[in-house]
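Student: After the structure tokens below, expect a handful of questions from me.
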Amino acid sequence: MSYLPHCFVFVFIFLTARASAETTPQSIPPLMYGSAWYPEQWPEAEWDADLVRMQAAGLNMVRIGEFAWSSLEPAEGRYDFDWMERAVAAAAKRGMVTIIGTPTDTPPAWMTTKYPEILRVDETGARLQHGSRRHFSIGSEKYRQLCRAIVERLAVRFGKNPHVVAWQIGNEYTEDSFDPESRGRFHRWLEKKYGTLEALNQRWLPAYWSQTYTEWSQVPMTTGRANPGLLLEHKRFVTDTWRDFQRNQIDALRRHIEPRQLITTNLGGLGWASRFNRQHIAADLDVISWDEYLGSGWFDKTKNGTGHLDPLRSGATHDLVRGWRQQNFWVMEMPPGFVDWGSVNNSLDRGETRAMAWHAVGHGADCIAFWQWRSALNGQEQYHGALVGPDGEPVPVYAEAAQAGADFAKAGPVLAGTQPVSEVAVIHDYDSRWAIEFNPFSNRYDQMQILMDYYRALRGVTGAVDIVTPEMDLSRYKLVVAPSLNVVSPELATRLTDYVRAGGQLVLGPRTGMKDASNALNRERQPGPLLPSVGARVQQFYALLEDVPVAGAWGAGKATVWAELLDRVAADAEVTLRFGAGNDWLAGEPAAVRRSLGKGTISYFGAVVDSALMDELARRWVTEARVFTAGVISAPAGVKVSRRVGRDREVYVITNFSQAAQEISLPGAMTDVLADGHLEVAKVTLPRYGVAVLSRGMAR
Ligand code: GLA
């Protein structure tokens, strides 16, 4: 008899504990590890088996909902969120937090039928029809209303859900639209920016070929061979339109979600795509995510790729993404072995997927997630890699993903609060990128390859490089290099000059300062408004067919692809490289100059040079700028070393992408985080695709 009250007490304590566990917000795991999961595509009875397998693989996060509009709102105004709530709870039961994707990449059929004006129109004027995704217009006000309505309701329903830790807005912003409403938006956007047609006609010089405008509505919306001012403004308009589209949902979310729930979006396009300015998109978010895929471009074996991860290019892409907010980021999607949209969708090697995940973490990823968890029975991506097959049973790469899951559980706490730190930045400016894309002048001038030449050489010396747009905070860098900074406004020239006067070392690369903010030529020629600072100007630029030797205090080598004949206008501008014989216009002329300005130096380097000279220049610039290099661990070719720094420790992530096992000597004893019991080691031997995570207290 006397036990009864005690039982009630225990039951009461148990229920309150469970209730509080169910209501206590779950924090984001230090290393989030997950997968895209589509509960709306599977019978609910199969959910738990999938979640149990996810948990067994060490996953601690699921992303759901980004394509689920027709399941969330089967008919206009008839919402069904219960299944999603059950999915979130089911995932939580198996130890996983949830990221909800807003479903705005895939408007349902009832909506596109009732509101055809929301459908995207391509540049040929063809309006898209239902049946795929990305078929909406970012310029459609009606679509924004519909997006706002469902996102607001989702935010009300899940904004305080303890298991929901973040929101992903839409999915991989890609296509802009040429529908009449978007055209109207463009014209209003131009009017707001320029004020009068006179101002626009003055800046764009449309008198050229009698393009002068007398009505805003006459201004074409085109990506073809058009006025450079128009083309640049259209890119900026597309950027602002995506930003508006995103802000529409951010505002709806912020009104209801708890501040602990973060807002992100997953940018695709293999990171480097230049459809719009991604840094501007990232600026409005809490954290930026991207989708690292290997399927085309430098990966594509049928072109000049390797069919496997290129650690240098992949690393540079991570550094580009990190640079958009100068903070760690999330890899929201990566392939579990292979994709389905490349020309030959070969599988990554055994071990390569785990190494690819760790490689991203080394560059600052705090989340790794796969696309996708389970092969969908139907739909446009049946062949795509997954962790389990259509039967829900693991496929071969599952075991590797599980190994990475075990790694992450061990290393997460050690990596928490750490991030890559660099004292060197390479400038990647979208305006300049677009200006050169519109008019490359030489198809040998691959500005991404040229940026990669700088990046490769600098990372080889410093072990860490940030890639940032010129708008970012540059004061943290001792050395800033700016290849292809084609568009330079007076404001930017002032910012860069101030950076130098304050002690920064700035190296301006080829094609700097040719254009103003309207993509018009700077009258004073290159480097435009930076001329007084540089103390030299470009008398003429040359697209090269043959290489030209260069030599001087900075070393010797050959100019290839592009060369600029410099003319000193300030006596204290020191010539550091001259062109040799072989091109009559250039022979003996200055190819690079350097000048002290305030506490810093500014250099102009008007040639693309061979990689050996690039390495030499990088070593010189890094030394002169006194960049921290003590943290660099020298490793054999093919072994990638990345360093993350926290308040009291540094953590190295080493991945072996070479064809053989490699031994790496460490500059002192370190804790081998992945080894059971955290062994102290002075060297590591890694098999092919082997990974080591090593930590120690701060040496610096
Ligand atoms: C993209 C999309 C996913 C899926 C994968 C396939 O990144 O975001 O929905 O289509 O590609 O690789």
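Student: When you scan segment 625-645, how many residues do you find that are touching a strand residue (DSSP E or B) at 6+ places or on another chain (Cβ under 8 Å) and surrounded by 15 or more Cβ atoms within 10 Å (Cβ to Cβ)?
Tutor: The qualifying residues number 13.
Student: Given (1) within 16 Å of the ligand (Cβ to nearest atom); (2) without any contact (Cβ under 8 Å) to a residue 24 or more places away in the chain; (3) aliphatic (A, V, I, L, M), where does residue 126 come up short, assuming only one miss?
Tutor: (1)
Student: Being crowded, with 18+ Cβ neighbours inside 10 Å, away from the ligand (no atom under 16 Å from the Cβ) and either small (Gly, Ala, Ser) or at pLDDT 95 or above (or both) narrows it down to one residue among 389, 405; which is it?
Tutor: Criteria check complete, one pass: 405.
Student: Right, something else. Inside segment 453-481, can you point out the residues that are of a type in the set (A, V, I, L, M) and crowded, with 21+ Cβ neighbours inside 10 Å?
Tutor: Those that are of a type in the set (A, V, I, L, M) and crowded, with 21+ Cβ neighbours inside 10 Å: 457, 458, 464, 465, 467, 468, 479, 480, 481.
Student: Condition first: in contact with a Lys or Arg (Cβ under 8 Å, 6 or more places away or on another chain) and under 16 Å from residue 580 (Cβ atoms). Now tell me which residues in segment 600-630 satisfy that.
Tutor: 609, 610, 613
Student: So residue 546 ticks every box in (1) under 30 Å from residue 315 (Cα atoms); (2) surrounded by fewer than 20 Cβ atoms within 10 Å (Cβ to Cβ) but one. Which box is left unticked?
Tutor: The failed condition is (1).
Student: Name the residues in segment 489-515 that are β-branched (Val, Ile, Thr) and farther than 25 Å from residue 554 by Cα, would you?
Tutor: 494
Student: Name the single residue that is farthest from residue 455 (Cα to Cα) among those in segment 303-333 being touching a helix residue (DSSP H, G or I) at 6+ places or on another chain (Cβ under 7 Å), surrounded by 22 or more Cβ atoms within 10 Å (Cβ to Cβ) and aliphatic (A, V, I, L, M).
Tutor: Filtering segment 303-333 for residues that are touching a helix residue (DSSP H, G or I) at 6+ places or on another chain (Cβ under 7 Å), surrounded by 22 or more Cβ atoms within 10 Å (Cβ to Cβ) and aliphatic (A, V, I, L, M), the one farthest from residue 455 (Cα to Cα) comes out as 331.
Student: Right, something else. Among the residues of segment 167-214, which ones are away from the ligand (no atom under 16 Å from the Cβ) and touching a strand residue (DSSP E or B) at 6+ places or on another chain (Cβ under 7 Å)? Explain how you work it out, then say what you get.
Tutor: In the first step, residues of segment 167-214 are kept if they are away from the ligand (no atom under 16 Å from the Cβ); the result is 176-214.
Across segment 167-214, the qualifying residues are 177, 178, 179.
Student: Looking only at segment 29-60, count every residue that is away from the ligand (no atom under 16 Å from the Cβ) and in contact with a Cys (Cβ under 8 Å, 6 or more places away or on another chain) and tell me the total.
Tutor: Residues in segment 29-60 being away from the ligand (no atom under 16 Å from the Cβ) and in contact with a Cys (Cβ under 8 Å, 6 or more places away or on another chain): 3 in total.
Here is a yes/no grid of residues against (1) among the aromatic types (Phe, Trp, Tyr); (2) out of contact with any Phe, Trp or Tyr (no Cβ under 8 Å at 6 or more places or on another chain); (3) at pLDDT below 95:
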residue: 416; (1), (2), (3): no, yes, no
residue: 427; (1), (2), (3): no, yes, no
residue: 435; (1), (2), (3): no, yes, no
residue: 439; (1), (2), (3): no, yes, no
residue: 449; (1), (2), (3): no, yes, yes
residue: 454; (1), (2), (3): yes, yes, no
residue: 461; (1), (2), (3): no, yes, no
residue: 466; (1), (2), (3): no, no, no
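Student: Test of understanding: among 215, 292, 233, 198, which residue is farther than 30 Å from residue 370 by Cβ, among the acidic types (Asp, Glu) and crowded, with 19+ Cβ neighbours inside 10 Å?
Tutor: That would be 233, the only listed residue that is farther than 30 Å from residue 370 by Cβ, among the acidic types (Asp, Glu) and crowded, with 19+ Cβ neighbours inside 10 Å.
Student: Continuing with this model, one more query. Sort out which residues of segment 566-596 are in a strand (DSSP E or B), of a type in the set (A, V, I, L, M) and surrounded by fewer than 19 Cβ atoms within 10 Å (Cβ to Cβ), and write them in order of number.
Tutor: 575 - this is the single residue of segment 566-596 that is in a strand (DSSP E or B), of a type in the set (A, V, I, L, M) and surrounded by fewer than 19 Cβ atoms within 10 Å (Cβ to Cβ).
Student: Confirm whether residue 638 is out of contact with any His (no Cβ under 9 Å at 6 or more places or on another chain) and under 30 Å from residue 695 (Cβ atoms).
Tutor: yes
Student: Among (1) surrounded by 19 or more Cβ atoms within 10 Å (Cβ to Cβ); (2) in a loop (DSSP other than H, G, I, E, B), where does residue 531 come up short?
Tutor: Of everything listed in (1) surrounded by 19 or more Cβ atoms within 10 Å (Cβ to Cβ); (2) in a loop (DSSP other than H, G, I, E, B), residue 531 misses just condition (2).
Student: Also: Could you list, in sequence order, the residues of segment 214-255 that are of a type in the set (S, T, N, Q) and outside any helix (DSSP H, G or I)?
Tutor: Result: 214, 222, 223, 227.
The values are calculated or read from the model by the stated rules, or taken from the named source; none is laboratory data. What you see is a predicted model; the values in this text were computed from it and never measured. Note that each Cβ is placed from the backbone with ideal geometry, even for glycine, and that neighbours are counted across all protein chains shown.
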